[in-house]
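The structure appears right after this line, and notes come after that.
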Amino acid sequence: VSLSNPRLSPPAIDLLYWRNVKQSGAVFSSVLLLLFSLTQFSVVSVGAYLALAALSATISFRIYKSVLQAVQKTDEGHPFKSYLEMEITLSQDQISKYADKILLYSNTCVKELRRLFLVQDLVDSLKFAVLMWLLTYVGALFNGLTLLILAVVSMFTMPVVYREASGQ
């Protein structure tokens with residue numbers, strides 16, 4: 001049985017299979033910390049705190065490098081110069097390509113929902129109704145963030161459990 005997924009890039013597979021424990025642990029911890037903080041604070045507050053943390057880190061690093069340059073009397077320049085000079089604009093072709101994909105997915109979703117809600121096929125609409133009825137019970141037991149946290153934990157643990165159980 002192959003553990004590779006053609007939809008996932010090799011770095012994502014390495015991350016999920018914990019091939020680099022430090023990197024996987026850092027990503028797993030940061031995602032869980034973000035999700036747990038969203039259970040306590042609003043999205044706006046979490047976003048603002050993350051922006052403040054990133055800004056504090058970059059300002060501190062810039063001041064540290066400036067002091068280090070002054071003490072050692074070197075002329076290294078701005079520590080983020082290479083990032084500031086990077087070209088980050090999107091081309092018209094890229095925007096058009098992504099807009100076309102979003103349009104395709106949106107239209108497909110709307111057509112499928114129309115088909116289900118307007119009962120084009122009775123069996124499919126009944127299956128959808130049963131699924132929605134089951135989701136009301138899931139929603140009563142868990143909120144969306146709890147389900148997202150469970151999904152992240154499963155995403156990071158199941159590949160390792162599978163690999164260990166299958167002896168690969």
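Of everything in the stretch 5-28, what is surrounded by fewer than 11 Cβ atoms within 10 Å (Cβ to Cβ) and either at pLDDT 85 or above or hydroxyl-bearing (Ser, Thr, Tyr) (or both)? Give them in sequence order.
SER9, PRO10, VAL21, LYS22, listed by residue number.
For the structure I just gave you, tell me whether PHE156 is under 29 Å from SER24 (Cβ atoms) and of a type in the set (Phe, Trp, Tyr).
It is true that PHE156 is under 29 Å from SER24 (Cβ atoms) and of a type in the set (Phe, Trp, Tyr).
For a quick check of your reading: which helices (runs of 4 or more DSSP H) sit entirely within the stretch 1-102 and have at least 1 residues that are under 30 Å from MET158 (Cα atoms) and in contact (Cβ under 8 Å) with a residue 60 or more places away in the chain?
Ranges flagged: 10-16, 21-40.
Somewhere in the stretch 114-131, is a residue at pLDDT below 90 and hydrophobic (A, V, I, L, M, F, W, C)?
No: zero hits.
Hey, does the stretch 114-133 have a residue that's hydroxyl-bearing (Ser, Thr, Tyr) and open to solvent by 70 Å² or more (accessible area, probe 1.4 Å)?
no
Are any residues in the stretch 64-83 open to solvent by 100 Å² or more (accessible area, probe 1.4 Å) and closer than 25 Å to SER30 by Cβ, and if so, which ones?
Passing the criteria: TYR64, TYR83.
Please go through the stretch 134-155 and give me each residue that is in contact (Cβ under 8 Å) with a residue 24 or more places away in the chain and surrounded by fewer than 10 Cβ atoms within 10 Å (Cβ to Cβ), ordered by number.
Result: no residue meets the conditions.
Going by what's in this entry, would MET158 be described as open to solvent by 80 Å² or more (accessible area, probe 1.4 Å) and either in contact with a Leu (Cβ under 7 Å, 6 or more places away or on another chain) or part of a loop (DSSP other than H, G, I, E, B) (or both)?
It is false that MET158 is open to solvent by 80 Å² or more (accessible area, probe 1.4 Å) and either in contact with a Leu (Cβ under 7 Å, 6 or more places away or on another chain) or part of a loop (DSSP other than H, G, I, E, B) (or both).
The values are calculated or read from the model by the stated rules, or taken from the named source; none is laboratory data. All figures in this text were calculated on a predicted structure; none of them were measured in a lab. FYI the Cβ positions are ideal-geometry reconstructions off the backbone, even for glycines, and counts take in every protein chain you see. What goes into the accessible areas is simple: the full protein's heavy atoms, side chains included, and nothing from ligands, DNA or RNA. Shrake-Rupley method; radii C 1.70, N 1.55, O 1.52, S 1.80 Å.
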